[in-house]
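The values are calculated or read from the model by the stated rules, or taken from the named source; none is laboratory data. Predicted model, so just to flag it, every value in this text is computed and none were measured. Cβ placement follows ideal geometry from the backbone for every residue including glycine, while neighbour counts extend to all protein chains displayed. When the accessible area is computed, the model is the full protein with side chains, heavy atoms only, and any ligands, DNA or RNA have been set aside. Shrake-Rupley method; radii C 1.70, N 1.55, O 1.52, S 1.80 Å.
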Amino acid sequence: MLIVRGAIKDYDWGVVDGLEPWSGTATGGAQAELWFGVHPGGPSPLIDIAGEPTGELLADHFDVEAIPLLVKLLAAARPLSVQVHPPKTVAVAGWHAQLEPDAPLVYSDPFEKTEMLVALEDFEAFAGWRPLDEAIAVLSAIDGTEDAVAALLADDPRAAIPLLLAVATPEAVAALGAAAEAAGLPAEEVAAYRTVAEQYPTDAGALLTPLLAYLRLDAGAAVYVPAGVPHSYIRGTGLEVMTSSDNVVRLGLTGKPVFVDHAVAALDLDVRPQVMPTRHGDLIWPVNAPFVVRMVSSGMERIPSGAYRILLAIEGTARVVSEFAEVTLRPGTAAVISADEPDHRVEADGLLAIVQSTER
């Protein structure tokens, strides 16, 4: 059992000092994500039982085969990019193709990225495809979208994407909120589109958001986003669990590189997000997911051996006991337990995320 803190990421969409309760550091700047894992983009630092850094990284002890999951705390003040994570075949092929001279760097690694977000507070997101009739109603109220609407009428959202990007003027983006209202969407959805237009007035990707379904998660609820599903988180704080990959192919709402052809190729029109109205204490196990999560607020839990496990303290404390050691976790610290280690017991006095790989 190793104890880690998160590796902090300060992307511009983060909340000012939004992760300070878990990072332990107030910077006065945007704090977006804390990473708990071995991905080379942000390997977690080890700490001792007193909470002091050891100077080592979790990646010094384990590789991605032993630690197949990446766990994050995420704080979003404004919408993240419209993006899609590539399925395995696309990620592998794309990774090897970009090793050629002068090829653009699109993929962070050769792995599929499948993820789930568990809301720690009310959370808003766009995820998956909006019903075609609703998307058509919104876009029909925006000048210049006739060709994209025709593609949607032909049930071809892939073809609609470049057509929308080509006509996404600042005037078209500014019309998003009024168009959503005219289409009869609920007030909270209209507000989300107004937020997109205000935050990204000159970003062509804003005009893609009417293609995406809006969802709101109460604290404890979750959304599972398989590879190939387009999405954009809007605002809120949550726990993310994913395969150990940072493959993000973006379509807009970002200052980072956008790769439209790669993103469209990564779309899988046959998969949908799974929205689960869970509460803290429930077992969260999406269909076909490579992980299972339980958010525990009190009591004793047995953590069986045989698969990779990570226990992340979010509120209060948690005492983790095995036949070899006993440690106390505080917010922002996590116990990492490899598959070949024995059963553990944990007693929570606060909110604890127990994450376990389902692939043995």
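Taking 30 Å as R0, compute the FRET efficiency from the Cβ-Cβ separation of residue 60 and residue 27 and round it to 0.05.
Values: r = 26 Å, r/R0 = 0.87.
In this case the efficiency is close to 0.70.
Under a cut-off of 19 Å between alpha-carbon atoms, report the lysines in cross-link reach of residue 9, not counting same-chain residues fewer than 8 places apart.
Here the lysines satisfying the reach criterion relative to residue 9 are 72, 113, 256.
Would you mind telling me which residue in 117, 212, 163 has the biggest mean-square fluctuation in a Gaussian network model of the chain, where springs connect alpha carbons within a distance under 10 angstrom?
For the chain, modelled as a Gaussian network with Cα springs under 10 Å, the answer is 163.
So what's the gap between the Cα centers of the stretch 149-204 and the stretch 64-136, to the nearest angstrom?
If you average the Cα positions of each part, the centres end up 21 Å apart.
Mind checking the per residue accessible area of the stretch 173-281 for me, 1.4 Å probe, whole number of Å²?
For the stretch 173-281, the per-residue accessible area is 36 Å².
Mind pulling the angle between the C-alpha long axis of helix 88-97 and the longest principal axis of the chain? Nearest 10 degrees, somewhere in 0 to 90.
80 degrees
Suppose each label sits 7 Å from its Cα in the direction of the beta carbon; what would the residue 156-residue 132 distance come out to in nanometres?
Here the answer is 1.2 nm between the modelled labels.
Compute the helix-to-body angle for 157-167: its Cα long axis versus the longest principal axis of the chain, expressed 0 to 90° and rounded to tens.
The helix 157-167 is inclined about 70 degrees to the chain.
Applying the Karplus parametrisation 6.51 cos²θ - 1.76 cosθ + 1.60 with θ = phi - 60° to the phi angles of the stretch 29-46, what ³J(HN,Hα) value in whole Hz is obtained for each residue in order, glycine and proline being reported as x?
Values, residue by residue: x, 5, 10, 9, 9, 10, 9, 10, x, 10, 4, x, x, x, x, 6, x, 7 Hz.
Suppose only helical runs count, i.e. DSSP H with n ≥ 4. What mean residue ellipticity at 222 nm does that imply for the chain under -39500 (n - 2.57) per run, divided by all residues and rounded to the nearest 500 deg cm²/dmol?
-5500 deg cm²/dmol
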